[in-house]
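Trainee: Got a structure for you, written out below as structure tokens; questions coming shortly.
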Amino acid sequence: MEKKTVLVTGIGGNVGQGIMRNILKTGFPIRIVGCNVTNFSAGNHLCDAFYKVPYAMEESYIEQINKIVLAEAVDLIIPSTDYEVYYLALNRAKLKGEVVVSELETAQTYLDKYISYMFHKEHSLPFAEAYLPKNYPTGKFDDTIVKPREGRGSRGIHINPADITGFDDSYMVQKLIKGKEITTAFYVNKSNELHGFITLERKLDNGATNECFVNRDYDKKLKQILIKMIAVNRFKGSANLQSIVDDEGNIVPFEINCRISGTNSIRSNFGFEDVRYTLEEYLYNLEPTNVQVTEGSAVRILMDVIYPKQRDLSKLKDNSFEHFIF
């Protein structure tokens, strides 16, 4: 294989770090360039080169990405955050390199959870019923969850708030659905076909997966939902469907992310290697490897990156500095 260079964004988070670990796992001759909004994070030790960039919504973001692409001869950009997916899709024509993002309309739909609900309702797709706070019929739901229309993790979430009228239209109101939380990663190939998917039943810690196991009990229902979603959208590569399975066995989606998601480092060990598929299709123009999901479970642990004899963290840009994992 020809040696290539890949830019991974958002390396300060578990998504970006998982992407880089999975790139290394493939054994492909790839040089990894990372970027983040802070100079130093736990992801720096996985990079061959690193750059600090502004937030995706800032005017200078695309300019800085292009500078990195040109300086490092980047062959492919893989974003790891929702806002970067949106702004890279919005500015695709201005980019100096190839990026793996869903088409703008799809990225925009799923950046906003209320618009996601309206879109799914229009296309007879399941999604947790939602209202803007000003339109919420008092007493409609026994239990409510109020959350930002845009955002990730558990930031800004309110359970059964006393006064829903106190929230503006940047929030939305949904029924608090009780049941099993599942996360389904799926990959849409260049032919706009469902290449495969995997579902993990999980427990969360601060909005991110902490414990999980492969759950194939709902594969038939999920496949039907995914195929219909793909038919009315323009996904590119990997995406993620988050759902609750209620006590009656109904699958109720509540969020979709148009990117490689945070469990990529786990699921690649259970036969679903969406980072590999991305590299095969968009970097090497190959057919993606077949999906072969296996059973298993995982728990996340805290580990340390040790830099001997180093005091100034701001200097530790990449993997050229001596380090080890403990």
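Trainee: Among the listed residues LYS309, LYS317, which satisfies the condition of being more than 30 Å from ALA185 (Cβ to Cβ) and touching a Cys at 6+ places or on another chain (Cβ under 9 Å)? Spell out how you get there, then give the answer.
Mentor: Working: LYS309 fails: touching a Cys at 6+ places or on another chain (Cβ under 9 Å).
None of the others qualify; the one that does is LYS317.
Trainee: Can you tell me which residue is farthest from LYS190 (Cα to Cα) among those in the range 238-274 that are more than 14 Å from the chain's Cα centre (by Cα) and small (Gly, Ala, Ser)?
Mentor: GLY249
Trainee: Please return the ranges of strands (runs of 3 or more DSSP E) entirely within the range 1-54 where 3 or more residues are touching a Ser or Thr at 6+ places or on another chain (Cβ under 8 Å).
Mentor: Details: elements: 4-8, 30-36, 49-52.
It comes to 30-36.
Trainee: Suppose we keep only residues that are surrounded by fewer than 17 Cβ atoms within 10 Å (Cβ to Cβ) and not in a strand (DSSP E or B) within the range 179-213. Which one would you say is nearest to the chain's Cα centre (by Cα)?
Mentor: Ranking the qualifying residues of the range 179-213, first place goes to GLY207.
Trainee: While we're on this one: Can you name the number of the only condition in (1) of a type in the set (Gly, Ala, Ser); (2) without any contact (Cβ under 8 Å) to a residue 40 or more places away in the chain; (3) out of contact with any strand residue (DSSP E or B) (no Cβ under 9 Å at 6 or more places or on another chain) that GLY156 fails?
Mentor: Every condition holds for GLY156 apart from (3).
Trainee: Filter the range 272-302 down to the residues that are in contact with a strand residue (DSSP E or B) (Cβ under 7 Å, 6 or more places away or on another chain), assigned to a loop (DSSP other than H, G, I, E, B), of a type outside the set (A, V, I, L, M) and surrounded by 13 or more Cβ atoms within 10 Å (Cβ to Cβ) and list them by number.
Mentor: Scanning the range 272-302 gives PHE272, PRO288, GLY296, ARG300.
Trainee: Turning to a different aspect of this structure: Can ASN22 be described as among the polar types (S, T, N, Q), surrounded by 20 or more Cβ atoms within 10 Å (Cβ to Cβ) and farther than 22 Å from ASN257 by Cβ? Outline the logic, then answer.
Mentor: Values: among the polar types (S, T, N, Q): yes; surrounded by 20 or more Cβ atoms within 10 Å (Cβ to Cβ): yes; farther than 22 Å from ASN257 by Cβ: no.
Criteria not met by ASN22.
Trainee: In the list ALA56, ALA49, ALA107, which residue meets the criterion of being buried (at least 21 other Cβ atoms within 10 Å of the Cβ) and closer than 22 Å to GLY34 by Cα? Outline the logic, then answer.
Mentor: Working: ALA49 fails: buried (at least 21 other Cβ atoms within 10 Å of the Cβ); ALA107 fails: closer than 22 Å to GLY34 by Cα.
Answer to the selection: ALA56.
Trainee: Oh, and also: If HIS123 satisfies every condition in (1) at pLDDT 95 or above; (2) over 21 Å from ASN233 (Cβ atoms); (3) over 23 Å from the mean Cα position of the chain (by Cα) but one, which is the exception?
Mentor: (2)
Trainee: Shifting gears a bit: Please work out if ILE177 is over 24 Å from ARG259 (Cα atoms) and touching a His at 6+ places or on another chain (Cβ under 8 Å).
Mentor: Details: over 24 Å from ARG259 (Cα atoms): yes; touching a His at 6+ places or on another chain (Cβ under 8 Å): no.
No, not satisfied.
Trainee: Just give me the residues in the range 303-312 being under 17 Å from ILE11 (Cα atoms) and surrounded by fewer than 12 Cβ atoms within 10 Å (Cβ to Cβ), in sequence order.
Mentor: Within the range 303-312, the first condition is being under 17 Å from ILE11 (Cα atoms), and the residues that meet it are 303-305.
Answer for the range 303-312, where residues must be under 17 Å from ILE11 (Cα atoms) and surrounded by fewer than 12 Cβ atoms within 10 Å (Cβ to Cβ): MET303, ASP304.
Trainee: Across the range 25-46, what is the total count of residues that are polar (S, T, N, Q) and out of contact with any helix residue (DSSP H, G or I) (no Cβ under 8 Å at 6 or more places or on another chain)? I'd like the intermediate steps shown before the answer.
Mentor: Going residue by residue through the range 25-46, those that are polar (S, T, N, Q) are 26, 36, 38-39, 41, 44.
Checking which are out of contact with any helix residue (DSSP H, G or I) (no Cβ under 8 Å at 6 or more places or on another chain) leaves us with 38, 41, 44.
Final tally of qualifying residues: 3.
The values are calculated or read from the model by the stated rules, or taken from the named source; none is laboratory data. For clarity, every value in this text was computed on a predicted model and none was experimentally measured. Note that we place each Cβ from the backbone using ideal geometry, even for glycine, and neighbour counts take in every protein chain shown.
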